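Heads up: the structure comes next, in structure tokens.
Bear in mind these aren't lab numbers, they're just calculated from the coordinates by the rules spelled out. Computed from a prediction, not measured in an experiment: that's the story for all the values here. Cβ: placed from backbone, ideal geometry, glycine included. Neighbour counts: every protein chain shown.
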Amino acid sequence: MKPFNNIKTTFLDYDGTIHNSIKMYGPAFRKAYTYLVEQGYAKKRDWSDKEISYWLGFNPKEMWEKFMPELEESVREKASSIISEEMSSLTGKPCPKLYEGALETLEYLKAKGYRLVFISNCRISYKDYHSKIFNLGDYFDELVCSEEYNFSPKYEILRQIKGEYPEEMVIIGDRFHDIEAGKKNGIHTIGCSYGFPLEGELDKADLIIKDIRELRKYL
């Protein structure tokens, strides 16, 4: 019997699961940090992509509260807006890059009859920008982002929306936020090791995949 053979609703994280977001987030993070250095809020230093990727998966509010909690909220908001604007800009910035096979996998899942829900710790402008570029509305029944829920934790957002969809369910993502959301809501979990997880973050997932195209084997 194929695993997850009774799944009807699939919740998918975006960054690190569908979108290889470090290509855009890295330069945006560095630009925001340069601003903080120039304004005297931080010491100059170089950041590797690996260091920066730790913050992928956090919503903006949570990220800045943990990254530089000593900053005044107005400064955090300014730095956060720099990241958001840089990532949303279409002119002279890195083009968003999806993982190979991502759209084909979404198309496959949609054709199989799954209800697909995009659930991301991102801003509305970011969601809308990517939806426009990749026509995400063609694949997803709903596009949900944390800003629409006042940057609540992903498990709380999932708790609020899951009643609108048929059981059984699975959530798919690359960070602890996704696995936590599934476990706290009593639904199946699939961890994506090809994204940006730290060691051990996906240990409690029901299944771990190394490529998004593997979903075609299990769903």
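Label-to-label distance, Lys210 versus Asn6, with points set 7 angstrom from Cα along the beta-carbon direction: 3.1 nm.
Please state the equivalent ellipsoid semi-axes for the chain: what are the square roots of 5 times the Cα gyration tensor eigenvalues, largest first, in whole Å?
Values: eigenvalues 185, 61, 52 Å².
After diagonalising the Cα gyration tensor, the semi-axes are 30, 17, 16 Å.
Want the number for Lys50 to Lys184: 0.36 nm per residue separation, take away the alpha-carbon distance, what's left? Don't skip to the answer; put the middle values down first.
Values: separation 134, 0.36 × 134 = 48.24 nm, distance 2.84 nm.
Extra length available between Lys50 and Lys184 comes to 45.4 nm.
Between rounded, prolate and oblate, where does the range 22-88 land on the alpha carbon gyration tensor, with a ≥ b ≥ c its root eigenvalues, rounded for a/c under 1.5, else prolate if a/b exceeds b/c?
rounded
Applying 1/(1 + (r/R0)^6) with r as the Cβ-Cβ distance of Tyr218 and Tyr35 and R0 = 30 angstrom yields a FRET efficiency of 0.10. Shown for the range 132-219: lysine pairs separated by 8 or more places, or found on different chains, whose C-alpha atoms are under 25 Å apart, numbering 17.
Among Phe67, Phe11, a tally of other beta-carbon atoms within 10 Å of each Cβ gives an order, fewest to most, of Phe67, Phe11. Counting only DSSP H runs of at least 4 residues, each contributing -39500 (n - 2.57), and dividing by the residue count of the chain, the helix-based mean residue ellipticity at 222 nm comes to -11500 deg cm²/dmol. Calculated from the alpha-carbon coordinates, the range 69-182 shows an Rg and a Dmax of 15.7, 49 Å respectively. Site pair Ile133 and Glu156 shows an inter-label distance of 2.9 nm when each label is modelled 7 Å from Cα along Cα→Cβ.
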